[in-house]
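> One structure follows; several queries about it will come next.
The values are calculated or read from the model by the stated rules, or taken from the named source; none is laboratory data. These figures come from a predicted structure and were not determined experimentally. FYI the Cβ positions are ideal-geometry reconstructions off the backbone, even for glycines, and counts take in every protein chain you see.
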Amino acid sequence: MFHYDTIKMKKIRKELFQWILIVTVICVLFFTGTYVQVIAQVQRVVLATGLMRPDIKKANLSNNAPFAEDLQLLTLDGKKAKLSDYRGKVVFMNFWATWCGPCIAEMPNINSLYKKLEKEEGIAFLMVSFDVDPAKAKKFISKKSYNFPVFSRPDPEKPFPSPFDSDVIPVTFIISVQVVANLSILDLNLKFKINSYSKI
């Protein structure tokens with residue numbers, strides 16, 4: 001009887017220790033904000049398998065589409081910019097945030113794509129942070145040594161005009177004069193071909 005109670009107590013202590021360890025790890029990940037990075041890495045591995053593909057929607061817009069003047073942005077230094085500044089170029093525009101695991105997961109691939117295409121005069125990258133505080137995005141980009149240009153929203157409470165009023169992030173828009181392709185990025189390999197969107 002005594003031997004059985006000792007074994008039972010050891011088993012209870014072992015289980016209690018395991019639960020305390022699990023809760024401690026979860027608390028450390030949560031309170032340090034590291035959980036976003038962990039989730040992002042897990043998602044990168046899962047998505048790299050190719051089991052998930054982007055949801056692609058196309059919207060045909062005329063050359064005088066109103067969104068070009070309406071989409072106001074700010075650089076991380078607070079300077080005003082707008083989508084129409086890039087008229088005549090193929091624009092790769094991504095909505096993201098530092099608190100978004102899938103956004104963080106796709107960043108290395110987007111940065112690689114940017115490095116390959118940054119010298120192309122007909123292509124522009126606009127990475128639009130949905131963080132309320134642009135300083136968080138600036139710190140994140142600096143820490144990760146990403147090279148692409150990052151913008152923020154002038155008014156985080158005000159939604160972007162259609163067709164950019166997305167309910168989810170990350171979302172990527174490939175914009176040319178004739179085509180707006182909305183890619184809810186799930187394929188982190190970014191295998192679509194930018195060259196297929198020709199400048200007009």
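> Among the numbered criteria (1) out of contact with any strand residue (DSSP E or B) (no Cβ under 6 Å at 6 or more places or on another chain); (2) surrounded by fewer than 14 Cβ atoms within 10 Å (Cβ to Cβ); (3) in contact (Cβ under 8 Å) with a residue 40 or more places away in the chain, which one does S145 miss?
Going through (1) out of contact with any strand residue (DSSP E or B) (no Cβ under 6 Å at 6 or more places or on another chain); (2) surrounded by fewer than 14 Cβ atoms within 10 Å (Cβ to Cβ); (3) in contact (Cβ under 8 Å) with a residue 40 or more places away in the chain one by one, S145 breaks only (3).
> Given the conditions (1) modelled with pLDDT under 80; (2) among the aliphatic types (A, V, I, L, M); (3) assigned by TED's automatic domain parsing to the domain that holds L117, report the number of the one that I39 does not fulfil.
Every listed condition holds for I39 apart from (3).
> Return the pairs, sorted by first residue and then second, in which the second residue is of a type in the set (S, T, Y) and surrounded by fewer than 20 Cβ atoms within 10 Å (Cβ to Cβ), the first residue lies in the stretch 152-176 and is assigned by TED's automatic domain parsing to the domain that holds P102 and at pLDDT 80 or above, the beta carbons are less than 7 Å apart, and the residues are 6+ apart or on different chains.
Partner pairs satisfying both residue conditions: V168/S184; V171/S184.
> For the stretch 111-123, indicate whether the set of residues that are under 13 Å from the mean Cα position of the chain (by Cα) and crowded, with 20+ Cβ neighbours inside 10 Å is non-empty.
no
> Among residues belonging to the stretch 87-134 that are under 11 Å from I169 (Cβ atoms) and of a type in the set (D, E), point out the one that is modelled with the lowest pLDDT.
Among residues in the stretch 87-134 that are under 11 Å from I169 (Cβ atoms) and of a type in the set (D, E), the one modelled with the lowest pLDDT is E106.
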